[in-house]
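**Q** Supplied in structure tokens, the structure appears directly below.
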């Protein structure tokens, strides 16, 4: 039965408060504590009905991280084996609890799950340009709401996933021989990012260029717009410009088999003789938000009394755990109690089975010091 299992687990992780009393269910119109969800059947648990009771406790693990617990289970009904427990981690290590942040409204990660990063660390660096005292490098990074500029050789920034950035590098060699620029469209977290490289080739008296994408996949769709009204759908085309002394803005559009699109802009120096280019690399590293204090675990006892957990499961994209409302709710046995309204959806698993918990909602209570 989930009650005995949860009680044992609580005490094993350096229990601070482990109360046997059930949280009193108020009357006179105050809602009972409930948990509803759908698996292969609709389940509705209510404290005060069929021997179900709501029990709030808190405990600390070996790293002094507080786990707030809310258990809803049946104590006497052998046919009522459905039970659920929510374990919500504190927002910081130690015994201090700040209710405004520990129980803040909003989403939590499932502990141990694979989560999509919120930020990406980007390192921008000029390609093929040696840094000297005479050169100037001017970066411009903008999105729909902000524009930032930097006068430095290379650049490291944290960019938000799901946002489109235009990154431009203006380069001057300091001797009047080269003033040029290069622009790229950056979408952190996008499943497709392809940029263009351009190189002079062939006869030195002609403006022949080889255009190469950073990712070459014959199943992708490529469209090159060369900036002189000409286009190509080849993966890696060559192109000849007719007018000497001009700069041409080439645009590369790539679409993969899933319909994801990448854009890259490149300024081609259409000049015979010496030319310079300021192509730049854009190396990105995801900043995965895997801090324990932002996570939650759902424990589910199914109708056969088998225990399942959401911990260390790669959750599907539609999983969520969201605190919708929170308020103080008195105390129980010297433990302060907070009433939370949550909505949730996740996978839980035992050694032998996985259950999809869908459309969950609960009015639950947690204990805290």
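**Q** So what is the relative contact order of the chain, in percent, for Cα pairs below 8 Å that sit 6 or more residues apart?
**A** Details: 910 pairs, mean separation 77.1, N = 369.
For the chain, the relative contact order is 21 percent.
**Q** Please report 57, 167 as a ranked list, fewest other C-beta atoms within 10 angstrom at the top and most at the bottom. Present the calculation step by step, with values, prior to reporting the outcome.
**A** Working: 57 27, 167 21.
Listing 57, 167 from fewest to most nearby Cβ atoms yields 167, 57.
**Q** Another question, then. Cut-off is 10 Å between beta-carbons; in what order do 364, 96 appear when sorted fewest neighbours first?
**A** On the way: 364 26, 96 11.
Least crowded to most crowded, the residues run 96, 364.
**Q** Taking the Cβ-Cβ separation of residue 118 and residue 261 as r and a Förster radius of 25 Å, what is the calculated FRET efficiency to the nearest 0.05?
**A** Working: r = 22 Å, r/R0 = 0.89.
Efficiency for this residue pair is about 0.65.
**Q** Follow-up question, since we're still on this one. If you take the alpha carbon radius of gyration of the chain and divide it by 2.2 N^0.38 Å, what ratio comes out, to two decimals?
**A** Numbers: Rg = 29.5 Å, N = 369, 2.2 N^0.38 = 20.8 Å.
Relative to the 2.2 N^0.38 Å estimate, the chain comes out at 1.42.
**Q** Once the Cα atoms of helix 2-12 and of the chain are each reduced to a long axis, what angle between those two axes, in degrees from 0 to 90 to the nearest 10, is obtained?
**A** The angle comes out at about 70 degrees.
**Q** Find the eigenvalues of the gyration tensor of the Cα atoms of segment 119-287, then list the square roots of 5 times those eigenvalues as equivalent ellipsoid semi-axes, largest first, in whole angstrom. Walk me through the numbers on the way to the answer.
**A** Details: eigenvalues 130, 104, 29 Å².
Values for segment 119-287, descending: 26, 23, 12 Å.
**Q** Springs between alpha-carbon atoms under 10 Å, Gaussian network over the chain: tell me which of 356, 204, 196 tops the mean-square fluctuations.
**A** With Cα springs under 10 Å in the chain, the top fluctuation among 356, 204, 196 is at 204.
**Q** Calculated FRET efficiency, residue 216 and residue 356, Cβ-Cβ r, R0 45 Å, to nearest 0.05? Could the numbers behind the result be given before it?
**A** Values: r = 39 Å, r/R0 = 0.88.
For residue 216 and residue 356, the calculated efficiency is 0.70.
**Q** Taking the alpha-carbon centroid of each part, what is the distance from segment 97-172 to segment 345-369 in angstrom?
**A** Cα centroid of segment 97-172 versus Cα centroid of segment 345-369: 35 Å apart.
**Q** With a 10 Å cut-off between alpha carbons and a GNM built on the chain, which of 352, 208, 81 moves the most?
**A** Looking only at 352, 208, 81, the biggest GNM fluctuation is shown by 352.
**Q** Another question, then. Fewest first, what order do 250, 278 take by the number of other Cβ atoms within 10 Å?
**A** On the way: 250 19, 278 23.
The fewest-first ordering by Cβ neighbours comes to 250, 278.
**Q** Divide by every residue of the chain the summed helix terms, -39500 (n - 2.57) for each DSSP H run of at least 4, and state the resulting mean residue ellipticity at 222 nm, rounded to the nearest 500 deg cm²/dmol.
**A** Numbers: 2 runs with 15 residues, N = 369.
Rounded to the nearest 500, it is -1000 deg cm²/dmol.
**Q** Moving to a separate point now. Looking only at 294, 267, 216, which one moves most when the chain is put into a Gaussian network model with springs between Cα atoms under 10 Å?
**A** 216
The numbers here are math on the coordinates, done by the rules we state, and not lab data. Since this is a predicted model, take the numbers as computed values, not measurements. Please note: Cβ atoms are built from the backbone with ideal geometry, for glycine as well, and neighbour counts cover all protein chains shown.
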